[in-house]
Amino acid sequence: MARIVGGITASHIPAIGNAIAKGLAGDPYWSPFFDGFPPVRAWLDRVKPDVAVVLYNDHGLNFFLDKMPTFAVGAAAQYSNADEGWGIPTVAPFAGDQRLSWHLIEGLVRDEFDICSCQEMLVDHAFTVPMQLFWPQGTAGLRTVPISFNTVQHPIPSPARCYRFGQALGRAIASYPQDLRVVLVATGGLSHQLDGTRAGFINKAFDEMCLEKIVDRPEELTTYSSIDLVREAGAQGAEFVMWLAMRGALTGTVRKLHSNYHIPISNTATGVLLLENTADV
Amino acid sequence: MLTEAPPQQPVPGTIIFDGEQAIKGYALNKMCFSFNSRINRESFIADENAYMNRYGLSDEQKDAIRKRNVLALLEAGGNIYYLAKFAGIFGLSVQDIGAQQTGMTVEAFKEKLRRAGE
């Protein structure tokens, strides 16, 4: 049976893609951010996942506002990156796992999450940047299933809905008959706001509370409405819903093995979290 | 049974990009979406007015594009993720547009971000 080995999270700012391309990881501005990743990479080397299920939000590369699915599940053999318009270098494609994708689609729909299935899907920086951060040597041998959440156009799915989506996803993964080690990757956040006269809003106290509660008391974070999340974490801080979905998928007991929090990278308070799934399934 | 959405307090300094904004900003956001492609970015630079006409922007949207005014673009229905692609044409970062929207210098805006970490 497939087993979820744990969940890992990272912010996904486009500027990180440029910093990686220019080799700036050791630069004083960047190092407090990049230094958050070696413990996660060491853990990945140890648990050797076969598949990464990546929970992220598309920012107008694959989806436009003409058709905006709330949850979209990749079902392709391969996922390509492409020009997003602001000059981040395009990275090599990522391998898919179509059988697992369709198993997850079946499970999610059976659990009443009426997702959009995508046999073609471009993945933007919100997918590629965290993958580069966690697997800097490349993702050879790793298969991926991208799942895109709408955090672009309100109404966006609520924290409670995303947490339950994660629970359904976790059940679907656990019922896959093949022996696979699966890691959940959630991207985005933490607090930040790009638009309006409130641009530059960051809420350290709220982020720290989220980083603490998501480990052992995630249900308490599901009482916020989407607009509450915009108010507390900033307009784009609402991306935290993907972290909650990741947490929902980790059944049973989790152990926090590592976290990092740094302000600012670009306009964003950045967070990294490594939760190991200790439940026997 | 249809449940009524609970009343939400507005968030200061923030336009929630909802259905109303999505309707108002559709042409503008569609134009900005087209800037994913280099050929389209070049074609916009070559003749901004012709390009805006092709996408059917309103006068308010055209004016805001000509002035590179982010707050006016948001007011006209722009979605920040798409407007970022417009800003990218001119090499403007999210800190540049953050400074513009808050009426600060870029240095002061970066300092504000840094101090949020203290």
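The values are calculated or read from the model by the stated rules, or taken from the named source; none is laboratory data. Not measured: the values here are computed from a predicted model. Cβ coordinates were reconstructed from backbone atoms using ideal geometry, including for glycine residues, and neighbour counts include every protein chain displayed.
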Residue set A:239, A:220; condition surrounded by fewer than 23 Cβ atoms within 10 Å (Cβ to Cβ) and of a type outside the set (Phe, Trp, Tyr); output residue A:220
> Does residue B:23 satisfy the criteria of being at pLDDT 95 or above and more than 22 Å from residue A:195 (Cβ to Cβ)?
Replying inline: no
Across the stretch A:205-240, the tally of residues that are outside any helix (DSSP H, G or I) and of a type outside the set (A, V, I, L, M) stands at 5
When the stretch A:195-215 is checked residue by residue, the ones that are touching a residue at least 40 places away in the same chain (Cβ under 8 Å), touching a helix residue (DSSP H, G or I) at 6+ places or on another chain (Cβ under 9 Å) and either of a type in the set (Asp, Glu) or within 14 Å of residue B:11 (Cβ to Cβ) (or both) are A:195, A:199, A:203, A:207
For the stretch A:128-141, does any single residue satisfy the condition of being assigned to a loop (DSSP other than H, G, I, E, B) and within 23 Å of residue B:36 (Cα to Cα)?
no
From the option list A:212, A:239, A:232, single residue qualifying as in contact with a Gly (Cβ under 8 Å, 6 or more places away or on another chain), among the charged types (D, E, K, R) and under 30 Å from residue B:111 (Cα atoms) is A:239
The residue that is farthest from the other protein chains (Cβ to nearest Cβ), considering only those in the stretch A:143-185 that are aliphatic (A, V, I, L, M) and in a loop (DSSP other than H, G, I, E, B), is A:180
Any hit, the stretch A:41-58, residues being within 14 Å of another protein chain (Cβ to nearest Cβ), in a loop (DSSP other than H, G, I, E, B) and not basic (Lys, Arg):
yes
query: Would it be correct to say that residue A:93 is out of contact with any helix residue (DSSP H, G or I) (no Cβ under 8 Å at 6 or more places or on another chain) and either at pLDDT 95 or above or farther than 18 Å from residue A:182 by Cβ (or both)?
result: yes
Of the residues in the stretch A:230-268, those that are of a type in the set (Gly, Ala, Ser) and either modelled with pLDDT of 95 or more or within 21 Å of residue A:57 (Cβ to Cβ) (or both) come to A:233, A:234, A:235, A:237, A:238, A:245, A:248, A:249, A:259, A:266
Meets criteria (part of a loop (DSSP other than H, G, I, E, B) and modelled with pLDDT of 95 or more) for residue A:271 | no
With respect to residue A:82, determine if the residue is part of a loop (DSSP other than H, G, I, E, B), surrounded by fewer than 22 Cβ atoms within 10 Å (Cβ to Cβ) and either in contact (Cβ under 8 Å) with a residue 40 or more places away in the chain or more than 14 Å from chain B (Cβ to nearest Cβ) (or both). yes
Across (1) modelled with pLDDT of 95 or more; (2) among the aliphatic types (A, V, I, L, M); (3) surrounded by fewer than 20 Cβ atoms within 10 Å (Cβ to Cβ), residue A:25 clears everything bar (1)
